[in-house]
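Read the figures in this text as sums done on the coordinates, not as results from a lab. All of these numbers come straight from a predicted model, not from anything done at the bench. Note: ideal-geometry Cβ built from the backbone for every residue, glycine included; neighbour counts use all protein chains shown.
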Amino acid sequence: MGKDPECLDIAYILDGFPAWRAKGWIPVAGDGNGNYFVLTSESNGNPVGFVEPMETEEEIQFYVASNLFIFLREILANEVARTGWPFDAAYISGVDPDLLSLSPLPWS
């Protein structure tokens, strides 16, 4: 078996965004358009944020989940049933109320 494609290699991605390594961010997924979901290290846990490098590669545009487990659950649920994640505030308040304590959020 060959090595995974570079686009799936966390170390390769971090080489392209050295500020992420310095901040302790770990890329966990991409949206297919050059944007990333990153696991962050915050004082209130490890929320997952969305980074749009064309805007700024060193700032979270918005948070999408309060932790990695919820991120994985909701990204998969949204693929299957189009739940409204992460943009539906009412849906989020039911499945990830801890996210509401973070800022910025997708709808703000």
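How high is the relative contact order of the stretch 34-80, in percent, with contacts defined as C-alpha pairs under 8 Å that are six or more residues apart?
30 percent
Taking the Cα centre of the chain as the origin, how large is its charge dipole in debye, to the nearest 20, when only Lys and Arg (+1) and Asp and Glu (-1) carry charge on their Cβ atoms?
240 debye
Once the convex hull of the C-alpha atoms of the chain is built, how many Å³ does it hold per residue, rounded to a whole number?
So the per-residue Cα hull volume is 114 Å³.
Nearest 0.05, what FRET efficiency do L76 and A19 give at R0 = 30 Å with Cβ-Cβ as r?
On the way: r = 29 Å, r/R0 = 0.96.
Here the calculated transfer efficiency is 0.55.
What is the chain's relative contact order, in percent, from Cα pairs under 8 angstrom and six or more apart in sequence?
Value for the chain: 16 percent.
Relative contact order for the stretch 52-104: what percent, with Cα pairs under 8 Å and sequence separation of 6 or more?
Values: 34 pairs, mean separation 21.0, N = 53.
Dividing the mean separation by the residue count of the stretch 52-104 yields 40 percent.
What is the sum of charges around D96, taking Lys and Arg as +1, Asp and Glu as -1, for the other residues whose C-beta is under 13 Å from the C-beta of D96?
Working: positive: R73; negative: E74, D88, D98.
So the environment of D96 carries a net charge of -2.
In nm, to one decimal, how far is the M54 label point from the S101 one, both placed 7 Å along Cα→Cβ?
A separation of 3.5 nm, rounded to one decimal place.
Going 7 Å from the Cα of Y91 in the Cα-to-Cβ direction, what parts of the stretch 23-45 have a backbone nitrogen less than 17 Å from that spot?
Correct set: 31.
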